[in-house]
């Protein structure tokens, strides 16, 4: 009996709608590599913050572009947590990039075509050998348009804001619900209306609205899709 086929799984969707949670679950069940593409954009946002490339809420675009080649983003496995850790120029920034200040700056760097082109190239290299689960905004439409499985995650904004708020509070971050909701609604606007690679549902993506279901139900729905595709690929 031959080895099980390897496929790529693209998980796209809005901010704070459980993409990462689902992608990690799928990767763990299948023994695949999980890649958080959003962490890559967050790392770039942290870079511009730390290097003084934002002034009065405006990005120094030329300054960023002149330093783009100097930004190195990698992922490593953390045996302590069992999770993937984001490295920015060799430094562990996993916890730092999850803060609200970085969240507010992501929308400054993510629409920049040159930034997107650089990160898309990196992401495509990571998935060349198959066996990857990647989540983001444009994975099924731009990064892996030929992915065997495409999932599109969505949930009502107020539900996503409450989840994000609870997550931040659990980590000891002082934040109010209204500001979290405002950040999510602004990111939705930027994600869906930006000129470069906007968030759209791929024609062949399976949509999962998790507003009123839990993580286990969401995982079961996704695994049914994945298992069906794996069975089909294995017969070809």
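The angle between the Cα long axis of helix 37-50 and the main principal axis of the chain comes to about 10°, on a 0 to 90 degree scale.
Extension gain, residue 178-residue 89: 0.36 nm per intervening residue step, less the Cα-Cα distance, totals 28.6 nm. Normalised by the number of residues in the chain, the mean separation of alpha-carbon contacts (under 8 Å, six or more apart) gives a relative contact order of 32 percent. In terms of packing, defined here as the mean over residues of other Cβ atoms within 10 angstrom, the peptides 227-233, 98-104 line up highest first as 98-104, 227-233. The C-alpha atoms of the chain define a longest principal axis, and helix 177-193 lies at about 70 degrees to it. Over all distinct Cα-Cα pairs of the chain, the Kirkwood formula returns a hydrodynamic radius of 18.4 Å.
For residue 156 and residue 69, the FRET efficiency from 1/(1 + (r/R0)^6), where r spans their Cβ atoms and R0 equals 41 Å, is about 0.50.
All distinct Cα pairs of segment 112-236 go into the 1/r average, and the inverse of that average, the Kirkwood radius, is 16.6 Å. Seen against the Cα atoms of the chain and their longest principal axis, helix 19-30 is set at about 40 degrees. For segment 1-112, the equivalent ellipsoid built from the Cα gyration tensor has semi-axes of 30, 15, 14 Å, listed from largest to smallest.
Beta-bridge orientation, the chain: approximately 35 percent antiparallel, per DSSP, counting only bridges with both partners inside.
Quick note: the coordinates plus some simple rules give every number you see, no bench work behind them. Predicted, not measured: the structure shown is a model, and the values here were computed from it. Please note: Cβ atoms are built from the backbone with ideal geometry, for glycine as well, and neighbour counts cover all protein chains shown.
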